[in-house]
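S.K.: Please find one structure pasted underneath; my questions will follow.
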Amino acid sequence: MTYTESIDWLWAHLPMYQEKGRSAFRGKLDNILLLCDHLGNPQEQFPTLHIAGTNGKGSSSHALASVLQEAGYKVGLYTSPHLKDFRERIKINGEDISQEAVCQFVEKNKDFIEGENFSFFEVTVGMAFDYFAYQKVDIAVIEVGLGGRLDSTNIINPVVSLITNIGKDHTEILGNTLEEIAYEKAGIIKPHTPLVISEFHPLTAPVFKQVAAEREAPIYFADSLEVPYTMDLKGSYQAKNIKGIVQTLRILQEKGWAISEENIQRGLSHIVANTHLMGRWQLLGEHPKTICDTAHNAHGFAEIFAQLGQEKYNTLHMVLGFVKEKDLDAILPMFPKEAHYYFCTPKIDRGLSATLLQEKAASYGLRGDVFPSVESALAQAREQAHTDDFIYIGGSTFVVAEVV
């Protein structure tokens, strides 16, 4: 099988959350345990860091990987979803898994996978664990896909667990309250394993404290940590992420990992170069300044609008698209009525109709036109905007994927 044939086979045979939504979420760990047993339990062959949270887990995962790379370690990095190429999900020292390795995994395990009811995410997690073990990584940074307790990544026993923050997202699966969502995220807490919380919240802290106490896991709330470092990732919200990142690194240092202060500063200031992270307050152009960001829930947009408040511009142009299950009643009231909107549909099955988005937005006083694609919406925004304006592209990871 060629690489294209291998990827097409995965798309065609396995239910995929980013395309199908809730119907592709398994909600149990039996399948990933079965797959990893078939693979020889590769997840037990290298140390890990486990990263969960409503927002910031991708940035935090890439930042930790970058620092560990600067310290000279061979670092695996598993994240999801990808933006342009499937191979972005599985990296070692910033380099995507090779096409050959993907093909070999599919060819070797195709018959077994076909005989079981695996999801796309379960197979990609198994592929990552198998690749990291084969490549003998020194450590792997593993980002949770959704939630924590029943996420397929939650069969590892990490050196440190990090939960960035809790906000309302995927409520149809994780629960409708912050406490319920925190409980699902707290599922990654392992016995006697240090837990770091990047952002303190009075409603979720008691949940984390209780679960950590039950599992005798030391807990560190990093929000009060003094951090003498800067990150190359833009966006004021990274100031919250960096505290959890640095606290995690401090624990690794205490456990004997050779990480110098210079490694930390270089790693945090070279995240994009070291890991090729995309879509976090990413600059796409100047005059007019054009930014894309993968924020896709109320918690994330609160940070986006805080950042926009620090920008200087004449008129704001917003290219927006969402997925169908997004709680627009929690999100759209946050958007400024004076902005010009360009509504579009991301190219996935779950993409919300731009016409429906326009109608919903109008009920909150947001006015704009409908476009058949993200590309055409952005083209029109660029045509309409003056050099001292600001263009923002977002609403969904899948919208950003079409412009980076």
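The values are calculated or read from the model by the stated rules, or taken from the named source; none is laboratory data. Being a predicted model, the structure only gives us computed values, none of them experimental. Here Cβ is always computed from backbone atoms with ideal geometry, including for glycine, and neighbour counts include all displayed protein chains.
S.K.: Kindly establish whether residue 110 is crowded, with 23+ Cβ neighbours inside 10 Å and not hydrophobic (A, V, I, L, M, F, W, C). If you could, list the steps in order and put the result at the bottom.
M.R.: Working: crowded, with 23+ Cβ neighbours inside 10 Å: no; not hydrophobic (A, V, I, L, M, F, W, C): yes.
No, not satisfied.
S.K.: Testing residue 12 on (1) under 24 Å from residue 265 (Cβ atoms); (2) at pLDDT below 95, one condition comes back false. Which one is that?
M.R.: It is condition (1) that residue 12 fails.
S.K.: Can you tell me which residue among 206, 218, 228 is under 26 Å from residue 308 (Cα atoms) and either β-branched (Val, Ile, Thr) or free of Cβ contacts under 8 Å to residues at least 40 places away in the same chain (or both)?
M.R.: One residue alone meets the criteria, 228.
S.K.: Here's a check for you: in the stretch 15-44, which residue that is polar (S, T, N, Q), under 22 Å from residue 157 (Cβ atoms) and in a helix (DSSP H, G or I) is modelled with the lowest pLDDT? Walk me through how you get there before you give the answer.
M.R.: If we filter the stretch 15-44 for residues that are polar (S, T, N, Q), which is where we start, we get 18, 23, 31, 41, 43.
If we keep only those that are under 22 Å from residue 157 (Cβ atoms) as well, we get 31, 41, 43.
Narrowing further to those that are in a helix (DSSP H, G or I): 31, 43.
Numbers: 31: 95, 43: 99.
Out of the qualifying residues, it is 31.
S.K.: Determine, yes or no, whether residue 377 is farther than 29 Å from residue 165 by Cβ, touching a His at 6+ places or on another chain (Cβ under 6 Å), surrounded by 18 or more Cβ atoms within 10 Å (Cβ to Cβ) and at pLDDT 95 or above. I'd like the intermediate steps shown before the answer.
M.R.: Details: farther than 29 Å from residue 165 by Cβ: yes; touching a His at 6+ places or on another chain (Cβ under 6 Å): no; surrounded by 18 or more Cβ atoms within 10 Å (Cβ to Cβ): yes; at pLDDT 95 or above: yes.
Considered against the rule, which asks whether it is farther than 29 Å from residue 165 by Cβ, touching a His at 6+ places or on another chain (Cβ under 6 Å), surrounded by 18 or more Cβ atoms within 10 Å (Cβ to Cβ) and at pLDDT 95 or above, residue 377 comes out as no.
S.K.: Taking the criterion of being among the charged types (D, E, K, R), crowded, with 17+ Cβ neighbours inside 10 Å and in contact with a Gly (Cβ under 8 Å, 6 or more places away or on another chain), would at least one residue in the stretch 239-248 satisfy it?
M.R.: Yes - at least one qualifying residue is present in the stretch 239-248.
S.K.: Given (1) surrounded by fewer than 24 Cβ atoms within 10 Å (Cβ to Cβ); (2) out of contact with any Gly (no Cβ under 6 Å at 6 or more places or on another chain), identify the lone condition not met by residue 122.
M.R.: Every listed condition holds for residue 122 apart from (1).
S.K.: Which condition does residue 263 not pass, out of (1) closer than 26 Å to residue 297 by Cα; (2) surrounded by fewer than 22 Cβ atoms within 10 Å (Cβ to Cβ); (3) touching a residue at least 12 places away in the same chain (Cβ under 8 Å), if it passes all the others?
M.R.: In the conditions (1) closer than 26 Å to residue 297 by Cα; (2) surrounded by fewer than 22 Cβ atoms within 10 Å (Cβ to Cβ); (3) touching a residue at least 12 places away in the same chain (Cβ under 8 Å), residue 263 misses (1) alone.
S.K.: Mind checking which residues of the stretch 253-268 are part of a helix (DSSP H, G or I) and among the small types (Gly, Ala, Ser)?
M.R.: 267
S.K.: Can you tell me which residue among 74, 28, 84, 110 is among the basic types (Lys, Arg) and either in contact with a strand residue (DSSP E or B) (Cβ under 9 Å, 6 or more places away or on another chain) or free of Cβ contacts under 8 Å to residues at least 60 places away in the same chain (or both)?
M.R.: 74
S.K.: Given the conditions (1) within 29 Å of residue 273 (Cβ to Cβ); (2) modelled with pLDDT of 95 or more; (3) not aliphatic (A, V, I, L, M), report the number of the one that residue 221 does not fulfil.
M.R.: (1) is the only condition that residue 221 fails.
S.K.: For the stretch 383-400, name all the residues that are over 27 Å from residue 58 (Cβ atoms), touching a residue at least 60 places away in the same chain (Cβ under 8 Å) and part of a helix (DSSP H, G or I).
M.R.: Passing the criteria: only 384.
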